[in-house]
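*Asks:* Before anything else, here's the structure in question.
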Amino acid sequence: MTVFDVSRAYARQEDVFYNDGRELELLRFVYGRPDLDKIRGNPTKVLEAIDEYARTQKYLMNVGEDKGRIVVDLISEVKPKTMVELGGYVAYSCILFADAVREAGGERYFTLERDPVFGAVIMALVDLAGLNDFVTVVFGSSDTSIKRLHSEGVLKHIDMLFLDHYKPAYMTDLKLCEELRLVTPGSVLAADNVIKPGNPPYLEYVRSTVAQKRKAVEGGEHELGVQGRFPDSTAKQYAWRQDGERLVSARGNPNLVYESRLINSFEPTGVPDGIEVTRCVREES
Ligand SMILES: C[S@@+](CC[C@H](N)C(=O)[O-])C[C@H]1O[C@@H](n2cnc3c(N)ncnc32)[C@H](O)[C@@H]1O
């Protein structure tokens, strides 16, 4: 069996490391296991099977064990009723976090994924993990899905939000959630990859004061320049258009007060990364 050298592949950022058929191969790998009946209905065992594929076959861009634990601990502390994830990929974080939300007495986990093939993989693995009744897989671009779930009354409030999708959209999608009053005092945000590849616009936003945000809104600052602040390869990662994405235009709610801090951790490859944990503590009038 060939052991895939994750650190080498990761270092060659330009190389294809997802969407080359490996996600469907993962499904066949997991569903082809002789011990499938022992895995069924057991989220931990499904995660172990995904980990085994990533370790022995091909790298998967999952949140991984180290950063995953940070968010799981946060879930047991916050006890969210509703948690939303932006960027589901092959359901690793979804199964890990949805299981923790259910354990903590929560009601629902939404995973938003734009790629319909990845969405189908998520559904198949969530079903295997026995989380079908708890997880809603939402197909489509995050901003469109957030607006639709809100307008249909399906999503009324986000107690916890995990951001792990198109990097320039972290800030714009958060502003959209603020504007729709899905994110309010009490909401907690966990943003992945704020060190690797990094997300300066998002970090600046969640760390700025109400006065700074009000000034930015009055000055008409908006998201148009956001994509230019990322290295080309990062801004193109997951982008469906080579010239960048059409980011949602939202003013946000500058009156929300956040307390935000970085928790240092590691990518599954061993590369240093971090999760920015942001708590919305109050709203100024
Ligand atoms: C890093 S992967 C997510 C990994 C997953 N959270 C985990 O840890 O197991 C990023 C995913 O976000 C999806 N994505 C990127 N931009 C998106 C968008 N605007 N809306 C919804 N999904 C998006 C990609 O298709 C990809 O599957």
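The values are calculated or read from the model by the stated rules, or taken from the named source; none is laboratory data. Only a predicted model underlies this, so the values are computations on that prediction, with no experimental measurement involved. With ideal geometry, Cβ positions are generated from the backbone for all residues, glycine too; neighbour counts draw on all protein chains shown. All accessible areas refer to the heavy atoms of the entire protein, side chains included, with ligands and DNA or RNA removed. Shrake-Rupley method; radii C 1.70, N 1.55, O 1.52, S 1.80 Å.
*Asks:* Would you kindly state the longest site-free stretch of the chain, with sites defined as GluC sites (Glu not before Pro) in a DSSP loop (not H, G, I, E, B) surrounded by at most 14 other Cβ atoms within 10 Å?
*Replies:* Longest stretch, sites excluded: 15-106.
*Asks:* Kindly write out, for region 259-266 in residue order, the coupling ³J(HN,Hα) from the Karplus curve 6.51 cos²θ - 1.76 cosθ + 1.60 (θ = phi - 60°), rounded to whole Hz, with x marking Gly and Pro.
*Replies:* 10, 10, 8, 8, 10, 6, 7, 9
*Asks:* Over the Cα atoms, compute the radius of gyration (one decimal) and Dmax (the largest Cα-Cα distance, rounded to a whole number) for the chain, in Å.
*Replies:* 18.4, 62
*Asks:* I'm checking a number: the convex hull volume of the Cα atoms of region 128-252, normalised per residue, in Å³. What is it?
*Replies:* For region 128-252, the hull spanned by Cα atoms encloses 134 Å³ per residue.
*Asks:* Among DSSP beta bridges whose residues both lie in region 64-283, state the antiparallel percentage, nearest 5.
*Replies:* 45 percent
*Asks:* In square angstrom, rounded to the nearest 10, how much accessible surface does S285 have for a 1.4 Å probe?
*Replies:* 140 Å²
*Asks:* Turning to a different aspect of this structure: Please list 3J(HN,Hα) in residue order for region 190-200, calculated via the Karplus relation 6.51 cos²θ - 1.76 cosθ + 1.60 where θ = phi - 60°; whole Hz, with x for glycine and proline.
*Replies:* Values per residue, Gly and Pro as x: 10, 10, 7, 6, 7, 9, 10, x, x, 8, x Hz.
*Asks:* If you don't mind, another one. Using the heavy atoms of the protein chains alone and a 1.4 angstrom probe, what is the accessible area of the chain per residue in square angstrom?
*Replies:* On a per-residue basis, the chain sits at 46 Å².
*Asks:* How much length, in nm to one decimal, is gained on full extension between D20 and R282, taken as 0.36 nm per residue of separation minus their Cα-Cα distance?
*Replies:* Stretched fully, the D20-R282 segment lengthens by 89.9 nm.
*Asks:* From the phi of every residue in region 72-87, what ³J(HN,Hα) in whole Hz does the Karplus formula 6.51 cos²θ - 1.76 cosθ + 1.60 yield, where θ is phi - 60° and glycine or proline is x?
*Replies:* 4, 4, 5, 4, 5, 7, 6, 6, x, 6, 10, 10, 10, 10, 9, x
*Asks:* Amide H of F110: which non-local residues (sequence gap of 5 or more, or other chain) have their own amide H closer than 5 Å, using H built in the peptide plane?
*Replies:* M83, V84, E85, T136
*Asks:* How much mean residue ellipticity at 222 nm does the chain get from its helices, if each DSSP H run of length 4 or more adds -39500 (n - 2.57) and you divide by all residues, to the nearest 500 deg cm²/dmol?
*Replies:* Mean residue ellipticity, 222 nm, calculated: -12000 deg cm²/dmol.
*Asks:* Pairing the Cα long axis of helix 142-151 with the longest principal axis of the chain, what angle in degrees results, from 0 to 90 and rounded to the nearest 10?
*Replies:* Orientation of helix 142-151: about 70 degrees from the principal axis.
*Asks:* Ignoring ligands, DNA and RNA, please state the percent of accessible area on region 134-242 from carbon and sulfur, probe 1.4 Å.
*Replies:* For region 134-242, the apolar C and S fraction of the accessible surface comes to 54 percent.
*Asks:* Between their Cα atoms, which of K67/K213; K167/K196; K79/K147; K147/K236; K58/K196 are more than 18 Å away from each other?
*Replies:* Those over the limit are K67/K213; K79/K147; K147/K236; K58/K196.
*Asks:* Between T44 and E103, how many nm apart are label points set 7 Å from Cα along the C-beta direction?
*Replies:* 0.8 nm
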